[in-house]
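Where a number appears in this text, it was derived from the coordinates with a stated rule and is not lab data. Fair warning: this is a prediction, and the values are worked out from it, not measured in the lab. No Cβ is skipped: glycine too gets one built from the backbone with ideal geometry, and neighbour counts run over all protein chains shown.
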Amino acid sequence: APPEWDWRNKGAVTKVKDQGMCGSCWAFSVTGNVEGQWFLKRGDLLSLSEQELVDCDKLDKACLGGLPSNAYSAIKTLGGLETEDDYGYNGHLQTCNFSAEKAKVYINDSVELSQNEQKLAAWLAKNGPISIAINAFGMQFYRHGISHPLRPLCSPWLIDHAVLLVGYGNRSDIPFWAIKNSWGTDWGEEGYYYLHRGSGACGVNIMASSAVVN
Amino acid sequence: ALPRRAAGAQAWEAESSELLAPARFALEMYNRGRAAGTRAALGAVRGRVRREGRGSLYSLQATLEEACNDPTVCQLPVSKKTLLCSFQVLEELGKHTLLRRDCRPVDTKITGAGSPQMLQSSGSNFIQGSALISLFQSYPDEKSENFRSFSPLFNKDTLPEDFVMQVASIFKEFVITYNRTYETKEEAQWRMSVFINNMMRAQKIQALDRGTARYGVTKFSDLTEEEFRTIYLNPLLKELRSKRMPLAMSVNGP
């Protein structure tokens, strides 16, 4: 992997969004990944609809949570994703209002990525932002800097928050992952979270996945 | 009907009439699928409400009474079992959703289930909230004494005055920065107690972090850990098994 990479500088990442009082992080993580994949394959950065997944992905539980793997299946089954403009986010479950005619983006498949962080970095640099899930320990109070909680406090087996890896690098020799969160720009570093890289911190490497756009 | 609240508990509660609808909804969910005659009935209810946008999140503590056939739980000849339940109910546009339910039987032989004292002695956050009020506001002696006895942690006699003033000032700043509005003075006091608890938690997390991260006041600082988890996190990620997907090809070459 290159020593550092940041998809934000390359136009593959939309602005930070806000899930509001709704446990829909899984939808934001997946749309963020699909936005990146579509940009890399088709050259257009489109802000995609999380509300479509909240309303129409019946495998998941809307604001009560969901799994990225189910969301990919739902996008394939539905026939694509509408844009944020066409199917805006309101943060609570409503009747599915998806229209295939309005779908602007589709995916062909989804893949599970390696749990090796070096391989994840290499995959990210070559293929785009990655949907991951982490243990959100301490994130309620995170303000800035590279988070590296003690392992027993941030177990990789207690994963409870889905986010998006958009880059990596080093700050003062400390390796980090740059993580796009969905709690608005008034949280963290303009909406981003920085987590220690290379130690499996908070299970960052456990549930990495991506959509495939041909 | 809701019972009268205990004197010492009034300070932080939402209006009891306001809790009735979410409490009845939680009860309805609890009783779903149960045959008539085995359904639980609502006893005492306490709780608080957090509002944001079009939604309200109710955190309730309630006692339920249901038929009991287990002599190890119920004192014979008492035929009713008392359960102490924590519910979280989200109300949006008049529609209720039960987010969390946690019920456990109360040993009526020991605790005197259903009494206000039982409710006061459960759930440390509730206790601390009540206790803290006495730090920031003068109350009649009797009430302050009640609060103090609930929790030694936030006893005004054990916390330095300058600390108290400093925290009150930080909380005020938080309220302005994040444009928080609380319905009642009691709710504001409760949120301030949560805020102080959270500042202490953030300090502990800070002390145990091996990176360069800074932890402190965020827009979530007036939420209890439980509220934060319920609203913003996704427990399904650890509870459900992810569907297997094909493995991605490794990246090779420079």
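Using the Cβ-Cβ distance between B:R244 and B:I176 with R0 = 35 Å, the FRET efficiency computed as 1/(1 + (r/R0)^6) comes to roughly 0.10.
Using the alpha-carbon positions of chain A, Rg (one decimal) and Dmax (whole number) come out as 16.0, 49 Å. Ranking of A:S210, B:S221 by neighbouring Cβ atoms within 10 Å, starting from the fewest: B:S221, A:S210. Ordering B:E92, A:E50, B:E28 from the fewest to the most neighbouring beta carbons within 10 Å gives B:E28, B:E92, A:E50. Note down the Stokes-Einstein diffusion coefficient of the stretch A:113-185 in µm²/s, whole number, using a Kirkwood radius over alpha carbon pairs, 20 °C, and 1.002 mPa s. In µm²/s, the coefficient rounds to 161. Classify the stretch B:25-67 from the C-alpha gyration tensor, please: rounded if a/c falls under 1.5, else prolate or oblate depending on whether a/b exceeds b/c. In terms of gyration-tensor shape, oblate.
Can you compute log10 of I(q)/I(0) for the stretch A:76-117 with the Debye formula, treating each Cα as one identical point scatterer, at q = 0.14, 0.16, 0.31 Å⁻¹? Treating every Cα as an identical point scatterer, log10 I(q)/I(0) equals -0.47, -0.56, -1.15.
Working from Cα pairs under 8 Å separated by at least six residues, relative contact order for the stretch A:72-122 is 45 percent. Size of the stretch B:158-254: Rg and Dmax of its alpha carbons, in Å, are 19.8, 64. Across the stretch A:73-79, coupling constants 3J(HN,Hα) worked out from phi with the 6.51/-1.76/1.60 Karplus curve, θ = phi - 60°, read 4, 5, 4, 5, 5, 5, x Hz, and Gly and Pro carry x.
Panel order for A:Y106, A:Y194, by other beta carbons found within 10 Å of each beta carbon, from fewest to most: A:Y106, A:Y194.
Estimated purely from DSSP H runs of n ≥ 4, each contributing -39500 (n - 2.57), the mean residue ellipticity at 222 nm for chain A is -7000 deg cm²/dmol once divided by its residues. Distance between the C-alpha centres of the stretch A:175-205 and the stretch A:59-103: 25 Å, rounded to the whole angstrom.
Normalised by 2.2 N^0.38 Å, with N the number of residues, the alpha-carbon radius of gyration of the stretch A:6-50 equals 1.16. In this simple spin-label approximation, B:A41 and A:E190 carry label points 7 Å from Cα along the Cα→Cβ vector, and these lie 6.1 nm apart. Taking Cα centre as origin and charging only the Cβ of basic (Lys, Arg, +1) and acidic (Asp, Glu, -1) residues, the dipole magnitude of the stretch A:1-84 rounds to 200 debye. By the Stokes-Einstein formula, at 0.890 mPa s and 25 °C, the stretch A:1-115 with its Kirkwood radius over alpha-carbon pairs has D equal to 170 µm²/s.
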